[in-house]
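Bear in mind these aren't lab numbers, they're just calculated from the coordinates by the rules spelled out. Given the structure is predicted, the values throughout are model-derived calculations rather than measurements. Ideal geometry is used to build each Cβ from the backbone, glycine not excepted, and the neighbour counts take in all protein chains shown.
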Amino acid sequence: MSRRAMEQPRRITDSFPRRRRRGPGRPPGRLKDKNKKDKDKVQVKVRECPRTPSQRPPDPALLEMLRRFDLSWEYGPCTGITRLQRWERAQELGLSPPGSIRDALLEHKDNPDVTYSLWHEYEL
């Protein structure tokens, strides 16, 4: 038999360099932490909404109704636009959004808690 016939067949992984084994005490898939203090900090970018000090908080039932409107995907996405713009877009597309939402938005149009969707304060 020839020498080549006695060798094991080559695999595609044979052409890649082999990784060294992990040392004791290091969990798999983790790198050494240089700054353990920075690891515990999670930063979320939040925009500030302009609020006037004289504004009273809206009714919790109203906020719940608007939250359900935000979470309802049948009226399209709500990021990057106001609730009223979303309502008007849904109306133009023939999706029949609730009229009570529009009435509430027009009544409280100066209150950012009512005007903007749930995710307005978070940057995309």
Which of P112, L93, T79 sits farthest toward the positive end of the charge dipole of the stretch 79-124, with +1 on the Cβ of Lys and Arg and -1 on the Cβ of Asp and Glu?
L93
For the stretch 99-109, in residue order, the Karplus 3J(HN,Hα) values (coefficients 6.51, -1.76, 1.60; θ = phi - 60°; whole Hz; Gly and Pro = x) are x, 5, 5, 4, 4, 5, 5, 6, 5, 10, 5
Expected unfolding gain across I12-L95 under the 0.36 nm per residue rule, minus the alpha-carbon gap, is 24.4 nm
Non-local residues with an amide H under 5 Å from the amide H of L118, with H modelled 1.01 Å from N and Pro and chain starts lacking one, are none
Skipping prolines and chain starts, which residues have an amide H placed within reach, meaning under 5 Å, of the one on N111, given they are 5 or more residues away or on another chain?
none
